[in-house]
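Worksheet for the structure shown next.
Just so you know, all these numbers are worked out from the coordinates, no wet-lab data involved. Small disclaimer: the values here were computed from a predicted structure and weren't measured. Cβ coordinates were reconstructed from backbone atoms using ideal geometry, including for glycine residues, and neighbour counts include every protein chain displayed.
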Amino acid sequence: MTVLSPMDQTPAVITRALTRRFDHLIAVDRVDLRIDRGAFHGLLGSNGAGKTTLIRMLTTLLPPSSGDAQVAGFDVVGEPREVRRRLGYVPQMLSADSGLTGRENLMLSAQLYAIPHERREQEVAEGLEFMGLTASADVLVRTYSGGMIRRLEIAQAMLHHPAVLLLDEPTVGLDPRAKHVVWDRLRELRSHFGTSILMTTHDMEEAGALCQVISIMHNGQIAASGSPEALRSGLGREATLDDVFVRYTGGSIEEGGTYRDAARARAAVRRLE
Amino acid sequence: MTQLAPAPPSAASNSENVLVAFAREVFAVANAEFRKLRRDPTEVLTRSVQPILWLLVFGQVFTRLRAIPTGSLSYLDFMAPGVLAQSVLFTAIFYGIAVIWERDLGIIQKMLVSPAFRSALVLGKAASAGFRGLSQTVIIYVVTLVLGVKVRFEALPFLGVLLAVLLGSAVFSTFSLAIACIVKTRERFMGIGQVLTMPLFFASNAIYPLEAMPGWLQVLARGNPLTYLVDALRSLMVVGGHSALGLGRDFLVELGTLILLVIVAARLYPSLTR
């Protein structure tokens, strides 16, 4: 993955006092975040904590109100195209095109991500194979299960072997089995390609199972950051990640969130059913 | 499962010519849209009902009335290109709805996070609107032939018709996309869509000639891209038809409008995700 970055030791993601306001609401409030190369970093928070807004600034889709952010060494405002070249993104909503087959979805990504013509078919076939979708490659995505769509989307996001993969609640609405398959694929991607991953979630089990570093977001700020073990041991021997979350946010992860967040989560779940 | 080769550098885009990259991206989006359209052609068929009614009912009645001065052409011959243009407009103008739909599904966000040029993403959509326009053209040609319209069948004028339809579809679908980026919801778009299409249609030369309009309407019609599309089609599609505004100017106006709209829509496109 060194080819794509200006300097080897640049962090995968670094933000300094990154802030985003919507009218009077400060969705993301002076966030300093550093994600090392190759790390699997979890961003935890209840609905409305600012996770998705933060991710969207990193994808270059949403300009920051102040502060700055770099992805793979490139500034999200100054060099958005360079950032997008090195970024894989799996949005919260299931967003594979249901009118196309799995293979066609991947071909579209391959073309948009400038994978050379002679390598496209092979890369697409490998992506399908890696995500266990070869058998359903030429079937319309509208017949896929939620877990299959998620895996297809991760394949789409990984096709160009990005330096940084952003996942916005990748397993929301999936049944436990589908969820574990996605987890396995993500672990393998990381160990195989050294991809740095930033994942938002409000699933404690997920964060504990996958992430080496967890940042807890609350009211637009990073309330705590560290390895799951360090966060837990800071609260005592028997502490769980749930306890950690309550300690830093003053509430359960199930609470809070705006109407829009809830509506979105519901829409995602509806599509999965 | 994991026989994947070590990560190859995917920085091919660095060495690729910008124009080649742009064309590749336009093709990628258009190709995906084309595949979807081919799988579900019902929309093309339902969209052809309206123009058929215009030709069959409105056209027949007004041909008998001889109420509209159309020179040497019969009224049906005169209006056939107008109905084709109308069909292009009505099909393309609701493109924004599809884009808002895709935005609600997250498809647009994903495209915008790719390194593709925004203008290429916009133009890809516009090209796919062109396919729809072309399929409408086929249907309208068949209907007009059945109704006895004197359709031209020389190769060059026919290619001209296809080109004009492609351009016109691209113009109105891109216009629609820009509107979608501003209004952002389906409900508002439906309202705006209705408000826009009728004035565009009636303030054009589609069903009556420019000279028959009052002065103020002529001014509006001359600022309306639909007028230039109709004008081009009228000279290219029917025997004895001629361009009132000049064929070259017709195409230049369409092309210029398209370029302008693509620039505007490409700037607005990211705001659709907010």
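At-a-glance table
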read-out: Backbone N within the stretch B:122-145 under 16 Å of label point (7 Å from residue B:259 Cα along the Cβ vector); value: B:123
read-out: Proximal aspartates and glutamates to residue A:179, defined as alpha-carbon separation beneath 12 angstrom and excluding residues fewer than eight positions away on the same chain; value: A:169, A:203, A:205, A:206
read-out: Within a Gaussian network of chain B (alpha carbon springs, distance under 10 Å), most fluctuating of B:240, B:133, B:82; value: B:240
read-out: Residue order, fewest to most beta carbons within 10 Å, for B:121, B:73; value: B:73, B:121
read-out: Lys/Arg +1, Asp/Glu -1 at C-beta; the protein assembly as shown dipole; positive extreme among A:146, A:217, A:244; value: A:146
read-out: Cβ-based exposure ranking for A:93, B:79, A:158, in which fewest neighbours within 10 Å come first; value: A:93, A:158, B:79
read-out: Rounded tilt (10° steps) of A:146-158 against the dominant C-alpha axis of chain A; value: 80 degrees
read-out: In the stretch B:177-274, the chymotrypsin sites (Phe, Trp or Tyr not before Pro) that fall in loop regions by DSSP, at most 12 other Cβ within 10 Å; value: none
read-out: Net charge over other residues, Cβ less than 11 angstrom from the Cβ of residue B:221 (K, R count +1; D, E count -1); value: -1
read-out: Total lysine pairs whose alpha carbons fall under 27 Å of each other in chain B (8 or more apart, or interchain); value: 6
read-out: Peptide A:154-161 - average C-beta neighbours from other chains (10 Å radius); value: 3
read-out: Degrees between helix A:176-193 axis and first principal axis of chain A (Cα, 0 to 90, nearest 10); value: 80 degrees
read-out: Peptide ranges A:118-126, B:38-46, A:170-178 listed from the most packed, as the mean C-beta count within 10 angstrom indicates; value: A:170-178, A:118-126, B:38-46
read-out: Residue with peak Gaussian network fluctuation, chain A [Cα springs, cutoff 10 Å], from A:237, A:56, A:142; value: A:237
read-out: Inter-chain shielding of A:81-88 (mean C-beta neighbours from other protein chains, 10 Å cut-off); value: 3
read-out: Cβ charges +1 (Lys, Arg) and -1 (Asp, Glu), total dipole of the protein assembly as shown, debye; value: 1120 debye
read-out: For the stretch B:142-274, the Rg and Dmax computed from alpha carbons only, in angstrom; value: 16.5, 51
read-out: FRET efficiency estimate (nearest 0.05) - Cβ-Cβ, residue B:162 to residue A:117, R0 22 angstrom; value: 0.20
read-out: 10 Å Cβ neighbours from other chains, averaged over peptide A:112-122; value: 5
read-out: Sites residue B:202 and residue A:75, calculated FRET efficiency, Cβ-Cβ separation with R0 41 Å, nearest 0.05; value: 0.25
read-out: Top of B:76, B:233, B:159 by mean-square fluctuation, Gaussian network on chain B, Cα under 10 Å; value: B:159
read-out: Alpha-carbon Rg with Dmax, taken over the stretch B:16-273, Å; value: 18.3, 61
read-out: Point-charge dipole on Cβ atoms (K/R +1, D/E -1) for chain B, about Cα centre, debye to 20; value: 380 debye
read-out: Footprinting exposure proxy for B:187, A:153, A:104 (fewest neighbouring C-beta atoms within 10 Å first); value: B:187, A:104, A:153
read-out: Span-like helix ranges in chain B, DSSP H, alpha carbon extent 27 angstrom or more, Kyte mean at least -0.5; value: B:18-39, B:118-146, B:155-183, B:247-268
read-out: Sequence-separation-based contact order of the stretch A:153-207, relative, with Cα cut under 8 Å and 6+ spacing, percent; value: 49 percent
read-out: Part-to-part distance (alpha-carbon centres) for the stretch B:148-184 and the stretch A:18-47, which is given in Å; value: 46 Å
read-out: Computed magnitude of the charge dipole of chain A (debye, nearest 20; Cβ of K, R +1, Cβ of D, E -1); value: 360 debye
read-out: Amide hydrogen neighbours beyond the local backbone of residue A:213, cut-off 5 Å, H modeled; value: A:40, A:42
read-out: Mean separation of Cα contacts under 8 Å (6+ apart) over length of chain A, as relative contact order %; value: 26 percent
read-out: Helix-derived mean residue ellipticity, 222 nm - over the protein assembly as shown, DSSP H n ≥ 4, -39500 (n - 2.57), to 500; value: -17500 deg cm²/dmol
read-out: Lys/Arg +1, Asp/Glu -1 at C-beta; the protein assembly as shown dipole; positive extreme among B:227, B:191, A:180; value: B:227
